[in-house]
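Please see the structure below; I have some questions.
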Amino acid sequence: MKMRELIKKPATGILLAILIGFVAGAVVLAVAGFNPLEAYGALFRGVFSKPKYIAQVIIKSTPIILTGISFVVAFKSGLFNIGGEGQYIMGALTAVIVGGKLELPPGLHFVVVIIMAMIMSGLLGAFVGVLKTRFGVHEVISCVMLNWIMLYLSNFLITTEWLKKPGTEASIEANTSAWSVVLNSWKTSDAGMEQLANSNSPMAEVLLKTDFNYGILVAVLIAVGVYFLYKNTTKGYELRAVGINQHASQLAGISVNKNVILSMAISAAIAGLAGALTITGVMPHRVTQLATHEGYGFAGISVALIGGCSPIGSIFSGLFYSMLTYGSASIQSEVGAASEIMDIVIGVIIYMIAISSLFIMLANRKKTAGCAAGKRKAEKHG
Amino acid sequence: QEPAQESSAAQSTENESTAQENGEGESEAGSKPAAGKTLNVALVADLGGINDQSFNQSAWEGMQKLEADLGYQVKYLESAQESDFGSNLDKLTDEEPDMIWGVGFLMADAMLNAAKTNPDQKYGIVDSSYEETPENLTSVLFKAQESSFLVGYIAGRMTETDHVGLVGPIKNPIIDQFEYGFRAGVAYAAKELDKDIAVDVQYAESFSDNAKAKAIATVMYNDGADILFAMTGGASIGVIEAAKEMDQYVIGVDRDQNYLAPENVLTSAIKNVDQVIYKITREIADGTFAGGTATSYGLAEDAVGIAPTSDQLVPADILAATDKVKEELISGTITAPLDEDSFNEFMAGLA
Amino acid sequence: MQGITKYFGDFCALKEVELAVRAGTIHSILGENGAGKTTLMNILYGFYTCDSGKIFVHGSEQEISTPKDAINLGIGMVHQHFMLVEPYTVLQNIILGDETTKIPGIIDYKKARRKIEGLAQAYHFNIDLDAKIQDITVGMQQRVEIMKALYRGAEILILDEPTSVLTPQEIDELIDIMHSMVKNGKTIVIITHKLAEIMKSSDECTVIRKGKNVASVKIEDTSENELAELMVGRKVHFTVEKENRKTGEVIFSVDRLTVEDDRGITKVNDISFGIRAGEIFGIAGVDGNGQQELFEAIASLRKAKTGSIHMKGVNITNTSPREMFENGICVIPEDRQKSGLVLEFTVAENMVLEKIGRAPFSRHGLLDLKKIRKNATDLIREYDVRPEHCEDTRAGALSGGNQQKAIIARAISNDPDLLIAVQPTRGLDVGAIEFVHKAIVGQRNQGKAILLISLELEEVLKLSDRIAVLYNGKFADILDAKDADENRIGLLMAGGKNDENA
Amino acid sequence: MDNIGIIISITLMYATPLILAALGGIISELSGITNIGIEGMMVIGAFAGAAVGYFSGNPWIGLLCAAGAGGLLALMHAIACVKFNANQIISGVALNLIGLGLSLFLSRIFFDGATQTLPVPSKLPKISLGGGISLDSTVIIALCLVVFVWFYLYRMRGGLRLRAIGEHPAAADTLGINVYLFRYLAVIVSGLLAGMGGAAMSLAVVSSFTPIVISGHGYIALAAVIFGRWNPVGSSLACILFGFAQALVVILGGGEIAIPSQILAMLPYILTIAVLMLLKGKTAAPRASGVPYIKGSR
Ligand SMILES: Nc1ncnc2c1ncn2[C@@H]1O[C@H](COP(=O)(O)OP(=O)(O)OP(=O)(O)O)[C@@H](O)[C@H]1O
Ligand SMILES: Nc1ncnc2c1ncn2[C@@H]1O[C@H](COP(=O)(O)OP(=O)(O)OP(=O)(O)O)[C@@H](O)[C@H]1O
Ligand SMILES: [Mg+2]
Ligand SMILES: [Mg+2]
């Protein structure tokens, strides 16, 4: 009885899905002739054997936690924001421009960069919202198109004299004053370098070998902020209401159009923030010519879905996703199994989440069996 | 050829698992032909991935050859995003291999950073150089303009319509080497034949859009070009496809691509990243490591050139003439241009 | 049907219910909301399967596990909520699932059309086969549903609450159709809450309450009052006590309003009226005469083409629902699930839908969750919304009647100066109707103005102080309740002239 | 003008994989199941087509297997959406990942560790119509399918039923139509078509599978479904418009006009948005699309 209640909880469904995902991955690995235990061992070691690896996982989770939350925000208002890629690029591009062209004191510069990036990508999202509300253009279409438009726009801008770093195919870099790297000026100073080089503490290694940055704090703040927005504010209430029932919201005086636009804008701003935090947080602090999308937006969708479409859940699923992708490199280099195995694992996890009603069905089976017995009894009586 | 490679792949997994058990791979050096000691080598591929049909793949093939010939331990990591370069280099550095290669100019900064923070680790980078190269880093450049010059020359000699073309991916300094080298080669042939040869150049803005590359090629052929230089990265397949369908000649890039269309791939401007990686890595075992330097490899070193299969479709006299041009390039009588400025200079000199 | 028992999860919807219908008669089923009428019929139609029980058709036991089985046995059903595909034409809807084909797989519309036209003639149906469902009136849709059954050769026709959406004229027509069908040898089972209709149409009536048989009576031997008592289990008051009050100032006025529908057709044509405080202004009319557009224009859901709407002197024409609310207007919408509630929200959240931005429910954009919950607790108690303590229940999980109660509670708690009620008792049983009517009259007695738009003539007559009859986008007349009776209004609704006024 | 022939050829070359996938999307959506997994089905179709085409030497067998592979992936979607009432978007996202991952993984197994296949010995044949127009056989197949799907949806019994299911499944159910079976079939057919769309890329446009041979085509096809208002003809026209814009880019890019090629590359995408803004349409989405049908629920 207790067990059944437990299985019916959404979190249990997600955990079971993860378990099944790994089992499926193991089967595929085994079929391909690899030892699954060894592979997962490599994954585990690749992630947990050193503090700096954990740091890397955290660093890499930052943008996808945010693109995940971005997806959640739109989803809550009944919108499908598949434009995370383009919005991410907008944020990154803005960050490079504001970070590279302006001279401001450290700290302040960082804040200005991320705010500007959020504004710019927010505007991009608002544009999608306006297209939807005013012109009836479905957000999926406009987002898919804008992803490509942003890619080419970025590629174009960074080849202009204005933004190009001479002799490279990349943009200028954001100034160090805009960086969010932890203890950046100290660790790059001579004294700092020396102290770090001679220290054996794990923290020193993290500082020295990774771009450990404050981005994750921003991501967590955003997650909490979005959670608070939906749970405790009028605006969040309206955004949700509009997402579930436009007619009732409209009649109750909640403007559907305004909230759709706002929701898209917030969603896009958060995806843009992801881009800005990558620029300010990690090497090489610039935008490069892209042949194709880097996949932050699509990863965000997976993160959001694994996280149960909740902002707080996205923190954990973002870390989890980042762990899998970062760790999959170890599977590849140690066991030789292609890293695509992780696509399959993640795909199966999401698939299992989609059909998590299966778990509830299975849990209920005993109960319905009892019911059938009751039915037979009733028949006898009748 | 395939079964051989398959067995080598199987071997590689075997080797790696034993390597894990033994901790370090170096202990089993004895079982292999003695060419110095066996080394542990790793590679970080750039965004194109290890199977990009281009220099990442070529680099990895060089390493696979090291494994097959000499029993070296080899492994690679792919990078999905630019921010992966640093963490991939760092992860491999932790394993303290004898050498870590990075492919592509995109990785330049991450590589420099890694070399600076890990002075005891040897690194090599392909396609990028620095003003000041750290002692533990060697930088390898290819004079792709030279091979491009040669294929341009062949195209110029062979065109019957006096019209050739080039389908490019996304412009960047490396791609420029190909474009201007090719243009110069065509111009050189035109001068020799004393005629004008038009060169169409169009960029697909993509390394992957096969359909677009194919469409561009179709239009070029249709406009009268009869030989195209397909240097579109992975999307080159599209150009070769157009050549096949329209029964025209096409020139491959990076690797000998004749196998993709034996009737149509005239020649390929090859860039032997594999051989250079093979060579430099081997030298480490012998105790020579050219750290702190940037070396350009060109025709002289046989690091670039035209495909060995060229004789299948290129007439012997033209091949012979091409060989002469090659000598002149090696001797420095001709200098192949590698960007717009040097190309303009070259053309001025030609006139 | 014998010993029909049906569980939904743990909930027993039907407990050993018996139903015996004589061939060639009209048999009605009566019961409160949720008594199990629809469930019973769905079992007969094979849409649900029963947990135990037997079904006999023409004396032989039958296994009916899918609608197809039922159709093959000559059973047809018109569902409480119409089962029509809106973008399809009438013709397509009728033949769907039983299409005539020429070459295998390819529909032969001509043949189907001939067959349907034949049937329509036989039963004096008047339907436009090429109109799309979304463009025709509810009454028409009903005929399409009946035609669907006839087309399939139904001998036994089940009608689940067929009259709740019809005008008096349409109801009469329907009853005529039913009689002519019986004459043609068909058997009809009809579910309705309207006792008068039962008396007028049926031969027998089976009453069920809470999933159990209560009685089966011959109509000749019973009366409306008896049926009502059987159904509810207590005496029911059919009249609403209205104090005689002096009405106040005109607080709401509509002046020369003209409104077009989506296709640019004028649906409200130059209408003017005013409502005084303490007055119930009823608008009667056959569906499709502009009620929808009039309401939407007043609620700012649709642009008024010309004319103006004032509330307490403020011009609120073409503003927004928000503006309307701010000026003291509240709405009980027609479709509670579509426009009334956010079904995925909790009851507590739904109870503050319009006033979420106001103190005490929120301050500076921050919600006060405690106050929101407290508000719901109070309203749930006051308006007897069930189940008890459903503050945190999803609104979608409430029964239809309770959803309606929640909406009424919310609207009244907003303390509006004008309450607009559109079809406030649609689909409710007499008990629930009594409750809603009391609440509306209570508001009037407190001096509020009320605009009642209803297709139920009886309801309009019973509640209103003044009655306007909407016909073809214009008011055929505005009458004082004292001067109105069913005949007069019925005539006006049908487009007849009002002689006395002329 | 020869150029017109070329523009037509390029337009159709671009449009064909999209048309096939969009037809799949339409059928699935009309039955009430949103299929965002089209991309993954195209990828696996492209892989299966090229791989089987390579090993069997017969591109037609490759095309069939491509359809089969897409159909199998679609079956997973159908099981999730029809049997388990899954959120259709979540399931679709999952299948995109699985489709790509599986293709690459299998490619590595069968092609010696490479994520791309070797070129097929023979491609699907081309058909020359003269006037510089020369079309892949997939183009002809796709155009025939457009006509057939249109005919099926609007003239045949199954189409009437299918569309009814997407609008009002309960209504169809009460008329004895098997909603679940129809949905299963519709989703599987959408996978077959998407798989063929993928193979149209790897067996006709080019002759091998690479990890990037399908990159975003599925999403553009979905956009075309919406653009064309769930009508096979309309959606195909949307795909053709997109292909035309790409052809225009190619033609313009060859001229000596000083438009940066990156800017030119945006054209098809900007054009799509612009056209949609001008059309300013209300959507005609099937009403029950994306909503699981649970019998008897209200
Ligand atoms: N699909 C269902 N799932 C769960 N409970 C149901 C379902 N259908 C009906 N019920 C329950 O069964 C009872 C009988 O419902 P039914 O619809 O048959 O009532 P009814 O007599 O037709 O009422 P109404 O007058 O409102 O139409 C209701 O209390 C309802 O709660
Ligand atoms: N989607 C649902 N989820 C959970 N429970 C539901 C759902 N729909 C209906 N119910 C249950 O079914 C009952 C309501 O069904 P229904 O709408 O037929 O009301 P009813 O019994 O006719 O009552 P009323 O007289 O209030 O209309 C409620 O008791 C409710 O708990
Ligand atoms: Mg009912
Ligand atoms: Mg009810």
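Return the residues of segment A:252-300 for which accessible area with all protein chains present is lower than in the chain on its own by 40 Å² or more; set the probe to 1.4 Å and exclude ligands, DNA and RNA.
A:252, A:253, A:283, A:286, A:288, A:289, A:291, A:294, A:296
Hey, another quick one. Taking amide H atoms as placed 1.01 Å from N in the peptide plane, list the residues 5 or more away in sequence, or in a different chain, whose amide H sits under 5 Å from that of residue C:452.
Here the answer is C:281, C:282, C:283, C:421, since their amide H atoms fall under 5 Å of that of residue C:452.
Under 17 Å between alpha carbons, and skipping anything fewer than 8 positions from residue C:448 in its own chain: which aspartates and glutamates qualify?
Candidates past the 8-residue exclusion: C:241, C:243, C:249, C:279, C:326, C:415, C:417, C:465.
What do you reckon, how do B:195, B:37, C:448 stack up by accessible area (1.4 Å probe), largest on top?
B:37, B:195, C:448
Given axes a ≥ b ≥ c from the Cα gyration tensor, I'd like to know whether segment D:176-298 is rounded (a/c under 1.5), prolate (a/b larger than b/c) or oblate.
oblate
Keeping the other protein chains in place, figure out the carbon and sulfur percent of the accessible area of segment D:1-149, with a 1.4 Å probe.
The value for segment D:1-149 is 76 percent carbon and sulfur by accessible area.
I'd like the FRET efficiency for residue C:8 and residue A:6, computed as 1/(1 + (r/R0)^6) with the beta carbon distance as r and R0 of 22 Å, rounded to 0.05.
0.35
Further question on the same structure: Mind checking the mean number of beta-carbon atoms from other chains within 10 Å of the Cβ atoms in A:239-249?
Taking all residues of A:239-249 together, the mean is 6.
Grab the DSSP H runs of chain B that are 4 residues or longer, score each as -39,500 (n - 2.57), total them, divide by all residues and round the 222 nm result to the nearest 500 deg cm²/dmol.
When only DSSP H runs of four or more count, the value is -14500 deg cm²/dmol.
Could I ask something else about it? Quickly estimate the mean residue ellipticity at 222 nm for chain D, helices only: each DSSP H run with n ≥ 4 gives -39500 (n - 2.57), and the total goes over all residues, rounded to 500.
The helix-only estimate for chain D comes to -23000 deg cm²/dmol at 222 nm.
For chain D, set up a GNM with springs between Cα atoms under 10 Å and report which of D:284, D:200, D:142 has the largest fluctuation.
D:284
Karplus couplings for segment B:271-284 from phi (6.51 cos²θ - 1.76 cosθ + 1.60, θ = phi - 60°), rounded to Hz, Gly and Pro as x?
10, 7, 4, 4, 5, 5, 4, 4, 5, 5, 5, 4, 4, 4
On to the next question. Helix-only mean residue ellipticity at 222 nm, chain C, DSSP H runs n ≥ 4 weighted -39,500 (n - 2.57), per residue, nearest 500. What is it?
Helix-only estimate at 222 nm: -9000 deg cm²/dmol.
Give me the 1.4 Å probe accessible area per residue for chain C, excluding ligands and nucleic acids, in Å².
42
Still on this model: If DNA, RNA and ligands are ignored and the probe is 1.4 Å, what is the ranking of A:162, D:150 by accessible area, most exposed first?
A:162, D:150
Tell me, how many Å apart are the Cα centres for segment C:424-442 and for segment C:110-179?
Cα centroid to Cα centroid, the span is 29 Å.
Kindly work out what percent of the DSSP beta bridges joining two residues of the protein assembly as shown are antiparallel, to the nearest 5.
DSSP beta bridges in the protein assembly as shown are roughly 40 percent antiparallel.
Quick one: work out the % antiparallel among DSSP beta bridges in chain C, nearest 5.
Close to 55 percent.
Run the numbers on segment D:1-41: which residues show a drop of 10 Å² or more in accessible area, chain on its own versus all protein chains together, using a 1.4 Å probe over heavy atoms?
Going by heavy-atom accessible area, the residues of segment D:1-41 that drop by at least 10 Å² are D:2, D:3, D:6, D:10, D:13, D:14, D:36.
Then there is this: Any idea of residue A:186's accessible area? Nearest 10 Å², probe 1.4 Å.
That residue has around 90 Å² of solvent-accessible surface.
Chain C: longest stretch without exposed GluC sites (Glu not before Pro) (DSSP loop, at most 15 other Cβ within 10 Å), sites themselves excluded?
Here the longest run is C:64-240.
For residue B:46, enumerate residues with amide H under 5 Å from its amide H, sequence gap 5+ or separate chain, H modeled in the peptide plane.
B:103
For chain B, modelled as a GNM with alpha-carbon contacts under 10 angstrom, which of B:42, B:215, B:320 fluctuates the most?
B:320
Using protein chains only and a probe of 1.4 angstrom, how many square angstrom of residue C:308 are accessible, to the nearest 10?
Surface open to solvent at residue C:308 totals about 20 Å².
Going from most exposed to least, what order do B:179, A:238, A:194 have by accessible area with a 1.4 Å probe?
The most accessible residue leads, giving A:194, A:238, B:179.
Might you tell me the accessible area per residue for chain A, computed with a 1.4 Å probe and given in Å²?
37
Show me you know the interface measure: the accessible area buried between D and B, both chains summed, probe 1.4 Å, in Å² to the nearest 100.
The summed interface area works out to 2600 Å².
Hey, another quick one. Taking the Cα centre of each part, how many Å lie between segment C:446-465 and segment C:1-62?
So the two Cα centres are separated by 36 Å.
Next question. What are the residues whose amide H is under 5 Å from the amide H of residue B:125, where those residues sit 5 or more places off or on another chain and H is modelled from the backbone?
B:102, B:138, B:139, B:140
Read phi for every residue in segment B:38-49 and hand back ³J(HN,Hα) as whole Hz from Karplus 6.51 cos²θ - 1.76 cosθ + 1.60, θ = phi - 60°, with x for Gly and Pro.
Working through the residues one at a time gives 6, 10, 10, 10, 10, 9, 10, 8, 8, 4, x, x Hz.
Determine the alpha carbon to alpha carbon distance for each of C:370/C:438; A:165/B:143; C:210/C:482; C:54/C:210 and list only those over 28 Å.
Among C:370/C:438; A:165/B:143; C:210/C:482; C:54/C:210, the Cα-Cα distance tops 28 Å for C:370/C:438; C:210/C:482.
For an R0 of 45 angstrom, estimate the FRET efficiency from the Cβ-Cβ distance between residue A:199 and residue C:368 and round to the nearest 0.05.
The formula returns an efficiency of 0.30 here.
Any idea how far the Cα center of segment D:114-168 sits from the one of segment B:173-228, in Å?
Each part reduced to its Cα centre gives a spacing of 34 Å.
Over the heavy atoms of residue B:220, what accessible area does a 1.4 Å probe trace out, to the nearest 10 Å²?
My reading of the accessible area for residue B:220 is about 10 Å².
Determine ³J(HN,Hα), in whole Hz, for all residues of segment A:158-167 in sequence, where each value follows from phi through the Karplus function 6.51 cos²θ - 1.76 cosθ + 1.60 and θ = phi - 60°; x replaces Gly and Pro.
Residue by residue, segment A:158-167 yields 7, 9, 6, 3, 4, 10, 7, 7, x, x Hz.
Taking Cα pairs under 8 Å and at least six residues apart, what relative contact order does segment C:2-232 come out at, in percent?
Dividing the mean separation by the residue count of segment C:2-232 yields 30 percent.
The values are calculated or read from the model by the stated rules, or taken from the named source; none is laboratory data. Every value quoted in this text rests on a predicted model; they were computed, and no experiment measured them. We place every Cβ from the backbone using ideal geometry, glycine too, and count neighbours over all the protein chains shown. The accessibility values were calculated without ligands, DNA or RNA, using every heavy atom of the protein model including side chains. Shrake-Rupley method; radii C 1.70, N 1.55, O 1.52, S 1.80 Å.
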